[in-house]
Amino acid sequence: MPSNQITTEEIALSEAFKKKTPYFVTKIDSNGHVEMIAYTKSNAPIVKGLGELITEVPKEFRQFKHVKRLYLDQNQLTSLPDFIQEFDSLEELEFHDNPIDKLPEWVGKLKNLKRLNLSKTNIKTLPKSLTSLKHLEVIYFDHTLIQGFPEELYSFKSTLQELYVDELEELPEAISDFKKLKLIGGKIHSFKHLDKIPQLERIYINDSKAKNFPADFGPIHHLSHLHLYDCKYLTKLPMTLGKGEHLGAKHFFSFVSLRFDGCEKLQGLPMSFQGKKLLGLHISGCKSFNYMPSDMYIDTFQAHGNFWHNMPKNFYKNDMEAFEMYDHNIISLRGIGNFKSLRFLKLASGKIHRLPDEICNCKKLISIDVSGNPIKYIPDCLEDLEELEKVYVEKTPYWDELQK
């Protein structure tokens with residue numbers, strides 16, 4: 001059969017299936033072949049009802065012979081059909097958020113597989129055949145029944161770039177042998193050995209029981225993202241975190257994103273971040289956070305639900321582009337005029353009584369939101385800010401006065 005006829009049939013089948021199934025998405029490659037198939041809840045313009053989630057993979061998929069990416073996440077699948085092993089070109093297989101309880105042995109036959117996501121399933125073990133894969137770069141199995149650090153993972157020491165585990169007391173010392181590993185995440189109860197991963201860039205740890213980093217924790221020279229969620233026992237960060245070699249560079253990639261949402265005992269940032277550039281500092285739910293270094297540039301600062309009465313020490317000795325904070329007890333904004341780069345100010349639902357005149361030193365302001373505060377005074381000099389587009393003062397005494 002001529003190749004153009006095969007192409008025509010694949011496209012025709014794809015279009016026919018799309019008409020019958022509105023949550024079915026495909027991508028056609030340059031040769032006219034279906035190279036990506038997706039049937040997931042995220043494809044829906046509105047959330048699908050349970051009756052619209054598939055319980056088995058449609059048999060029609062079998063006719064797409066050139067599939068490289070297959071996304072089946074957020075459905076009600078209990079198993080994967082055997083015909084998937086016929087997809088010789090398959091590089092990405094995602095089926096997270098499904099009640100699947102077994103990863104088939106035939107997964108080892110997918111010789112080109114690079115990405116495997118089985119998070120939020122009922123899978124208990126990884127099959128031995130998985131070690132046959134020579135190109136696996138990404139594997140996620142958080143929120144599964146897979147315990148610890150499976151032996152099968154050591155087969156990917158020279159290829160693995162991203163790893164999400166479920167729950168782990170401590171990373172193995174041999175994690176330093178994973179030479180290409182750039183991302184690691186999961187519920188990990190110790191920060192030990194993270195600094196030994198040579199190319200590590202991104203750390204995403206949630207619900208850790210760790211109180212502190214090890215005393216001998218070294219710098220992570222390629223760190224770009226440190227996101228710790230709900231690590232409720234953590235009190236402080238090591239000084240070495242701000243000493244990565246890339247943090248002294250002058251290009252965009254020297255920015256680092258720090259997020260400590262829900263780390264309610266964390267007291268502050270180490271002084272080694274003084275003068276550094278942060279893509280973001282997100283500390284919502286960090287009620288004990290009370291100090292930070294100076295001379296930092298912060299692209300976005302967020303601190304919702306902390307109910308602070310005072311901003312952390314040295315806060316106004318920095319500069320930032322976006323300052324967002326809801327549900328707070330801050331009364332004064334004294335010092336805000338130091339933020340020469342400030343463009344977006346969102347301080348809703350607090351205790352602020354007035355916007356100080358010094359806010360007019362923030363010449364780049366585009367929007368101000370102080371709704372829900374007992375604001376009675378807005379400086380007239382705001383009218384001189386050329387880029388200012390909107391000031392939100394709803395639900396304030398100032399707003400009530402305007403309505404009279």
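The values are calculated or read from the model by the stated rules, or taken from the named source; none is laboratory data. Given the structure is predicted, the values throughout are model-derived calculations rather than measurements. So basically every Cβ, Gly included, is an ideal-geometry build from the backbone, and we count neighbours across all protein chains shown. Ligands, DNA and RNA are excluded from the accessible area calculation, which covers all protein heavy atoms including side chains. Shrake-Rupley method; radii C 1.70, N 1.55, O 1.52, S 1.80 Å.
Here are the numbers:
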| quantity | calculated |
| --- | --- |
| Sites Ser129 and Lys313, calculated FRET efficiency, Cβ-Cβ separation with R0 56 Å, nearest 0.05 | 0.50 |
| Gln63-Ser158 FRET efficiency (beta carbon distance; Förster radius 30 Å; 0.05 resolution) | 0.25 |
| Counting all C-alpha pairs of region 100-194, share separated by more than 18 Å (%) | 41 percent |
| Pairwise Cα inverse-distance average, inverted: Kirkwood Rh of the chain (Å) | 24.4 Å |
| Gain upon complete extension [Asp101, Gln274; 0.36 nm per residue less C-alpha separation] | 57.4 nm |
| Given charges at Cβ of Lys, Arg, Asp, Glu: the chain dipole, positive-most of Thr159, Phe87, His66 | Thr159 |
| Zone of Glu173's modelled label, taken as backbone nitrogen in region 139-153 under 20 Å from a point 7 Å along Cα→Cβ | 148-153 |
| 20 °C / 1.002 mPa s Stokes-Einstein diffusion coefficient of region 195-339, Kirkwood radius on C-alpha pairs, µm²/s | 139 µm²/s |
| Tensor-based shape of region 346-399 (alpha-carbon gyration tensor, a/c under 1.5 rounded, otherwise prolate or oblate) | prolate |
| Phi-based couplings in Hz for region 119-136 (Karplus 6.51, -1.76, 1.60; Gly and Pro marked x) | 4, 6, 10, 9, 5, 9, 9, 9, x, 4, 5, 4, 5, 6, 6, 9, 10, 5 |
| Packing-based order for 108-116, 256-264, 210-218, using average beta carbon neighbours within 10 Å, highest first | 256-264, 108-116, 210-218 |
| R0 of 45 Å, Cβ-Cβ distance Asp88-Asp384: FRET efficiency to nearest 0.05 | 0.10 |
| Å² per residue, accessible surface of the chain at 1.4 Å | 48 Å² |
| Convex hull volume per residue in cubic angstrom - Cα atoms of region 73-117 | 65 Å³ |
| With every protein chain in place, the chain: carbon and sulfur % of accessible area (1.4 Å) | 48 percent |
| Phi to ³J(HN,Hα) by Karplus 6.51 cos²θ - 1.76 cosθ + 1.60 over region 386-393, Hz, x for Gly, Pro | 5, 8, 5, 9, 8, 10, 9, 10 |
| Across Lys179/Lys277; Lys182/Lys351; Lys102/Lys209, pairs whose alpha-carbon gap is larger than 32 Å | Lys182/Lys351 |
| Residues with amide H under 5 Å from that of Tyr392, placed H, sequence gap 5 or more | Ile368, Asp369, Val370 |
